[in-house]
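Here's the structure we're looking at; comments come further down.
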Amino acid sequence: MSNLPKVAVVILNWNGQKYLEQFLPSVLASSYPNLQVVVGDNASTDGSVAFLKGRYPDVAILENSENYGFTGGYNRVLSGVDADYYVLLNSDVEVEPGWIEPVIKLMESDAAIAAAGPKLRSYHQKSYFEYAGAAGGYIDKYGYPFCRGRIFTELEEDNGQYDKQDEIFWASGAALFIKKVYWDEGGGFDESFFAHMEEIDLCWRLKNMGYKIVYCPQSVVYHVGGGTLNAESPFKTYLNFRNNLLLLKNNLPGRKAFRIIFIRFWLDLLALVKFLADGKAKNAWAISKAHRNFVRGLFQSKKLQPKAIAVPQRNHIASHTYKRSIVWDFFVGKKKRFSELDKQDFS
C-alpha cells in the first residue's frame, strides 16, 4: 500500500443528499488500497451534512461557508486535501470497485500526463455513452466541445468502438483524475466559470503548458447527469454560452481569440433565434445575457493564472482539436457519430 500513490476521491455536494445516499456506497466499495474519500459541501440546506455525519462518520467532510459553485467550491475544498492524485467525482456517479486502478496505472506511466478521464456511460441506459464525457472530449475550430460517442445530443451505444486508450483534448469534470502537482501548477479552476466547461478550460490550460490529457477505457463509471441543473434550465443555457466564450478568451492567442469570438457571436445569434422559434424565450434571453455579461467581464475579470510558473506561448492549434466546424458537419453534413469524422481533420 505504501508504494501506491495516495488517491483522494473528492465529491462536491450541494443539496444532493439523495445522490449521496444512492451512490456514495459504490465509491466506498472501491478496491484501490491507498484511498481517501472526501465530501466537500457547498453550504447545503437539505440535511446532507447531518446525513453524512450520522451514516458515514469515517468520511471526511469539508464545509464551505457558502455555495461557491463547482469552481470555487472545488478550489476551496481541494486546498485542504493532501494526496498525490485528486479524483473530482460528481455525486450522481456510480462506480465499479476497480475503477481507480487502471487510470492511476496509466497516469503513472508518463510524467507528462496531467489529467485523465474514465469511460462515462449513462446510468439510466447503461449500454450507452453519457453526455458529459462519453469516451473523451474534443473541441472544434470554433470552440464547440463534443465527445467520442456523443456529438451534441446524439448518444452512441457503447459497442467497444472507442476502447482504445488515447490522448484527448479534455476529460469530463464528472469524473476527473488529476495529479495534485498539476492541479496546483495549473492554478485550479477559473472561478469566473462558476459551473460548466471549467474542466475544459483547465485541460486546455494544461495542454498549453505542454501536458497531456488522456482517456482510459478500462475504467467505466455511470453518470446520471443534470443532477444540479437540468438541460432546459435558462441558467444552464446562460452558463454554457457565456463560459464557452470565456474558454476561447482564456486559451487562444489574442488575435485568434478575437476572430473566433466574433464568429461565435453570430453563431450564437442563430441559436437564440432557434430558441425563440421553439417558444423558449427564457433560454433565448439567457444567450443575450451571456453575451452582455461576457463583454462586460472583459473589462473587469481577473483570470486565474498558474502559480509561480512561466506559461509557454499559447498554441492556437492545440493537439487533438477538430479543424472543421462540428456544427456544420453534424447539422448539414449529417455526421452523427465520431467515427464518421475524417481522422485527417484532427490536429
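Within the stretch 25-38, does at least one residue satisfy the condition of being farther than 29 Å from H124 by Cα, at pLDDT 95 or above, polar (S, T, N, Q) and in a helix (DSSP H, G or I)?
no
With respect to V214, determine if the residue is in contact with a Lys or Arg (Cβ under 9 Å, 6 or more places away or on another chain), in contact (Cβ under 8 Å) with a residue 60 or more places away in the chain and not in a loop (DSSP other than H, G, I, E, B).
no
Quick one: in the stretch 233-288, of everything that is among the aromatic types (F, W, Y) and crowded, with 18+ Cβ neighbours inside 10 Å, which residue is farthest from K141 (Cα to Cα)?
F275
Quick test for you: out of I309, I263, pick the one residue that is modelled with pLDDT of 95 or more, over 22 Å from the mean Cα position of the chain (by Cα) and not basic (K, R).
I263
Yes or no: the stretch 26-43 includes at least one residue that is within 25 Å of K6 (Cβ to Cβ), more than 23 Å from the chain's Cα centre (by Cα) and of a type in the set (D, E).
No: zero hits.
Select from the stretch 60-88 the residues that are in a strand (DSSP E or B) and surrounded by 19 or more Cβ atoms within 10 Å (Cβ to Cβ) and write down the one among them that is nearest to the chain's Cα centre (by Cα). Steps first, please.
Kept after step one, since they are in a strand (DSSP E or B), are these residues of the stretch 60-88: 60-63, 85-88.
When the remaining residues are screened for being surrounded by 19 or more Cβ atoms within 10 Å (Cβ to Cβ), the result is 85-88.
Details: Y85: 17, Y86: 14, V87: 12, L88: 9 Å.
So the residue we want is L88.
Specify which of the listed residues (E130, E101, E94, E154) is surrounded by fewer than 17 Cβ atoms within 10 Å (Cβ to Cβ) and either closer than 27 Å to M209 by Cα or of a type outside the set (K, R) (or both).
E154
Please specify each residue of the stretch 44-59 satisfying the condition of being in contact (Cβ under 8 Å) with a residue 24 or more places away in the chain, crowded, with 16+ Cβ neighbours inside 10 Å and either aliphatic (A, V, I, L, M) or outside any helix (DSSP H, G or I) (or both).
Residues satisfying the conditions are S44, L52, Y56, V59.
Here's the yes/no breakdown for (1) of a type outside the set (G, A, S); (2) within 11 Å of the chain's Cα centre (by Cα):
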{"position": "G173", "(1), (2)": "no, yes"}
{"position": "Y182", "(1), (2)": "yes, no"}
{"position": "I200", "(1), (2)": "yes, yes"}
{"position": "C203", "(1), (2)": "yes, yes"}
{"position": "H223", "(1), (2)": "yes, no"}
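Looking at the stretch 42-77, which of the residues that are in contact with a strand residue (DSSP E or B) (Cβ under 9 Å, 6 or more places away or on another chain) and of a type in the set (G, A, S) is farthest from K236 (Cα to Cα)?
Of all residues in the stretch 42-77, those in contact with a strand residue (DSSP E or B) (Cβ under 9 Å, 6 or more places away or on another chain) come to 42-44, 48-49, 52-53, 56, 58-64, 70, 73-74, 76-77.
Next, from what is left, pick out any that are of a type in the set (G, A, S): 43-44, 48, 60, 73.
Numbers: A43: 20, S44: 20, S48: 23, A60: 30, G73: 18 Å.
Among them, the one singled out is A60.
Inside the stretch 89-117, can you point out the residues that are without any contact (Cβ under 8 Å) to a residue 40 or more places away in the chain and either of a type in the set (K, R) or part of a helix (DSSP H, G or I) (or both)?
Of everything in the stretch 89-117, just one residue is without any contact (Cβ under 8 Å) to a residue 40 or more places away in the chain and either of a type in the set (K, R) or part of a helix (DSSP H, G or I) (or both), namely K105.
Scan the stretch 129-151 residue by residue and report those that are out of contact with any helix residue (DSSP H, G or I) (no Cβ under 6 Å at 6 or more places or on another chain) and either at positive phi or among the aliphatic types (A, V, I, L, M) (or both).
A132, A134, A135, G136, I139, G149
So which residues in the stretch 133-151 are over 15 Å from the mean Cα position of the chain (by Cα) and surrounded by fewer than 20 Cβ atoms within 10 Å (Cβ to Cβ), if there are any at all?
K141, Y142
Has the stretch 185-195 got any residue that is closer than 28 Å to P102 by Cβ, assigned to a helix (DSSP H, G or I) and either in contact with a Ser or Thr (Cβ under 8 Å, 6 or more places away or on another chain) or modelled with pLDDT of 95 or more (or both)?
yes
Identify, please: which residue in the stretch 209-231 is at pLDDT below 95 and of a type in the set (S, T, N, Q) and is, among those, surrounded by the most Cβ atoms within 10 Å (Cβ to Cβ)?
Only one residue fits best here, namely T228.
Looking at (1) of a type outside the set (G, A, S); (2) buried (at least 24 other Cβ atoms within 10 Å of the Cβ); (3) without any contact (Cβ under 8 Å) to a residue 24 or more places away in the chain, which is the only condition E198 fails?
Result: E198 fails condition (3) only.
The values are calculated or read from the model by the stated rules, or taken from the named source; none is laboratory data. Remember, it's a predicted structure, so these values are computed and weren't measured experimentally. Every residue, glycine among them, receives a Cβ derived from its backbone with ideal geometry; neighbour counts consider all protein chains shown.
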